[in-house]
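Step one of this worksheet: look at the structure below.
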Amino acid sequence: HEKYPLWSLVGAADQQLVTDVTVVAGDLDHAARMARNAFENRFTTVKIKVGRGDLDADCKRLEAIAEAAPGCRMVLDANGGYKIDEALELLDWITREKVPVDLLEQPVQPEDEESMARLTACNQVPICADESCRSVADVHRSCLLYTTDRAARPRPRILRARRSRHRR
């Protein structure tokens, strides 16, 4: 409601804001330099642009960034750049190589809701919709589609804001 500040509606009054540094698409040296600089400036999270066409190159960049910024959390932003098979391969690689990825943002095209649901169900890395959500209705639909529960499958992890206790 317009009379309440946003932080009070999502229960974030006592939450600390953590920001990140974005490592844009580029070569290995550039990515490592940017990550090292972020690490030296005490950033704890780096956001990495991936999905620009070469999955092997993305994996090599992630390795270089992890080495240059040890202990930093990684958020990957694909902007819908992967096909489902590439995204699944990336998740398997992240798990196998124990790369510290906290989130994979919009791995496939926004309209590919079936693939987003498959990736979320893998439970390897939390999947975040970005370009898929342009309205509150989109967010609601995405949450429903990506978390459909079946007895044979555990409920995928998603991030949810707490409901506000302030009601009119």
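Computed from the coordinates by the stated procedures, all read-outs in this text should not be read as laboratory data. The structure displayed is predicted, hence computed values, not measured ones. Note that each Cβ is placed from the backbone with ideal geometry, even for glycine, and that neighbours are counted across all protein chains shown.
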For region 104-144, which trypsin sites (Lys or Arg not before Pro) are in a loop by DSSP, counting at most 13 other Cβ atoms within 10 Å? Arg134
For Ile84 paired with Asp56, estimate the spin-label separation in nm (one decimal), with each label point 7 Å from Cα along the Cα-to-Cβ line. 2.6 nm
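Expressed as a rounded percentage, what relative contact order does region 52-150 have, with Cα pairs under 8 Å and six or more residues apart?
26 percent
Using a Förster radius of 25 Å, what is the FRET efficiency between Asp92 and Ala25 based on their Cβ-Cβ separation? Nearest 0.05, please.
Values: r = 22 Å, r/R0 = 0.88.
Plugging the Cβ-Cβ distance into 1/(1 + (r/R0)^6) gives 0.70.
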Search the structure for amide H atoms under 5 Å from the amide H of Val50, placed 1.01 Å from N in the peptide plane, and list their residues when 5 or more places away or on another chain. Asp77, Ala78
For region 30-37, in residue order, the Karplus 3J(HN,Hα) values (coefficients 6.51, -1.76, 1.60; θ = phi - 60°; whole Hz; Gly and Pro = x) are 4, 4, 5, 4, 5, 5, 4, 4
Report ³J(HN,Hα) in whole Hz for each residue of region 73-86, in order, from the Karplus equation J = 6.51 cos²θ - 1.76 cosθ + 1.60 where θ = phi - 60°; Gly and Pro get x. 6, 10, 10, 9, 10, 8, 6, x, x, 9, 7, 4, 5, 5
Cα centre as origin, Lys/Arg/Asp/Glu Cβ charges: region 27-153 dipole, Debye: 440 debye
Loop-located trypsin sites (Lys or Arg not before Pro) in region 27-73, at most 10 other Cβ atoms within 10 Å (DSSP): Arg42
